[in-house]
Amino acid sequence: MTRATAQSCANIAFIKYWGRRDDDLRLPLNSSISMNLDHATTATTVAFDPALETDQVTIEGAETTEQAARRVSTHLDRIRARADISTRARVVSRNSFPMGAGIASSASAFAALTVAGCAAAGLRVSERDLSILARLGSGSASRSIPAGFVEWHTAKTSANSYAEQIVPPDHWDICDLVVIVQTGHKAVGSSQGNQLVHTSPFATARLAEAERALPVIRAAILRRDFTMFGEETEQEAIRMHAVAMTSRPSLLYWSPATVGIMQAVREKRAAGTEAYFTIDAGANVHVLCQGADAGTLTAELSVLSGVQDVITNQPGPGTQIITAHLF
Ligand code: DP6
């Protein structure tokens, strides 16, 4: 096969990947846990074509920046090396959600690119190796390969740092309501933010707390203990942002609307609707709730100041080959 299309979900981390022990290999300082988001997807077609002199990359119908195209080409080089080919490729990618605004678009993008690229190159690769390969493109992409609730292991070697499923999507009826308050590109991407972690005086304390909280969140997912899960997840998000804010230079991802939603979530909780927030490297807020509360909460969050849209996500599938091609 020389052409393949894959679809991948973005994911939301409950224990965050924030800081690396090895930048080139994208080996994280700590293990992380996430859930795939069924309504935040990327579809990517990769077609190897001997007539091409360079890789051609189109994202959302437009040619990409040179920097983004280079990152895609570098990733295709990893796949070409495995397949022992040098053929260039045409890559077309579309997201179902706004890029660069705190939904980890690099996660679904590099997971879909990995799976489509390997299939188009005729490679048969295990889920573990796909996760490792995706990780080299973007760390969080390793977690978008398996389905449902996923843990990505920190390790000293590339071969041991991959993501695997904790439980499948239908294990737990919880929702992630992505409250969109900003759709433009953020000033400092997570790749750069990840490199600044060691400049924060709180980095070591946060790392210790992430290591303590990881098994607690894993157990809460397994037991479907929403209170334990939510409290630990919200605290971890605040810890990650405390490190970002105290890095040099300081990274402040929140906007006034972000803080408004954080406060609204806590007010709703005090009034009896159990919801918790988490936030990635952007201004948008992920509100976690139980399935039964999702409809009412979505309606209530939609009318808050600065809210442009609310995307309701249930636990999503892993990255899959799909038959329809994008070109
Ligand atoms: C805040 O995976 O985007 O979303 O490996 O440099 O591509 P790179 O970083 P990336 O970082 C994501 C960071 C985060 C937290 C998380 O998803 O765990």
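The values are calculated or read from the model by the stated rules, or taken from the named source; none is laboratory data. Given the structure is predicted, the values throughout are model-derived calculations rather than measurements. Please note: Cβ atoms are built from the backbone with ideal geometry, for glycine as well, and neighbour counts cover all protein chains shown.
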- Would you mind finding the one in VAL72, VAL91 that is in a strand (DSSP E or B), of a type outside the set (Ser, Thr, Tyr) and buried (at least 18 other Cβ atoms within 10 Å of the Cβ)? VAL91
- Message: Of everything in region 299-327, what is aliphatic (A, V, I, L, M), loosely packed, with under 14 Cβ neighbours inside 10 Å and in a loop (DSSP other than H, G, I, E, B)? Give them in sequence order.
- Response: VAL303, ALA324
- For ARG124, which of the numbered conditions (1) within 16 Å of the ligand (Cβ to nearest atom); (2) surrounded by fewer than 19 Cβ atoms within 10 Å (Cβ to Cβ) fails to hold? (1)
- Among the residues of region 6-18, is there at least one that is away from the ligand (no atom under 16 Å from the Cβ) and not assigned by TED's automatic domain parsing to the domain that holds ALA203? yes
- Mind listing whichever residues of region 128-172 are assigned to a loop (DSSP other than H, G, I, E, B) and touching a Pro at 6+ places or on another chain (Cβ under 6 Å)? ALA147, GLY148, THR154
- Task: For region 132-174, enumerate the residues that are within 14 Å of ASN313 (Cβ to Cβ) and either basic (Lys, Arg) or out of contact with any Gly (no Cβ under 6 Å at 6 or more places or on another chain) (or both).
- Result: SER144, GLY148, PHE149, TRP172, ILE174
- Scanning region 155-165 residue by residue, those among the hydroxyl-bearing types (Ser, Thr, Tyr) and touching a helix residue (DSSP H, G or I) at 6+ places or on another chain (Cβ under 9 Å) turn out to be SER158, SER161, TYR162
- Message: within 15 Å of LYS16 (Cβ to Cβ), in contact (Cβ under 8 Å) with a residue 60 or more places away in the chain, more than 19 Å from the chain's Cα centre (by Cα) and in a helix (DSSP H, G or I): which single residue out of ALA213, ALA257 fits that description?
- Response: ALA213
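Being surrounded by 24 or more Cβ atoms within 10 Å (Cβ to Cβ), over 12 Å from the mean Cα position of the chain (by Cα) and of a type in the set (Ser, Thr, Tyr) narrows it down to one of SER158, SER108, SER142, SER131, so name that one.
Going through SER158, SER108, SER142, SER131 in turn, the sole match is SER131.
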- Message: Tell me whether region 179-194 contains one or more residues that are closer than 20 Å to HIS39 by Cα, out of contact with any helix residue (DSSP H, G or I) (no Cβ under 7 Å at 6 or more places or on another chain) and not in a loop (DSSP other than H, G, I, E, B).
- Response: yes
- Which residue, of ALA83, ALA62, ALA51, ALA68, is within 30 Å of VAL179 (Cβ to Cβ), more than 16 Å from the ligand (Cβ to nearest atom) and among the aliphatic types (A, V, I, L, M)? ALA62
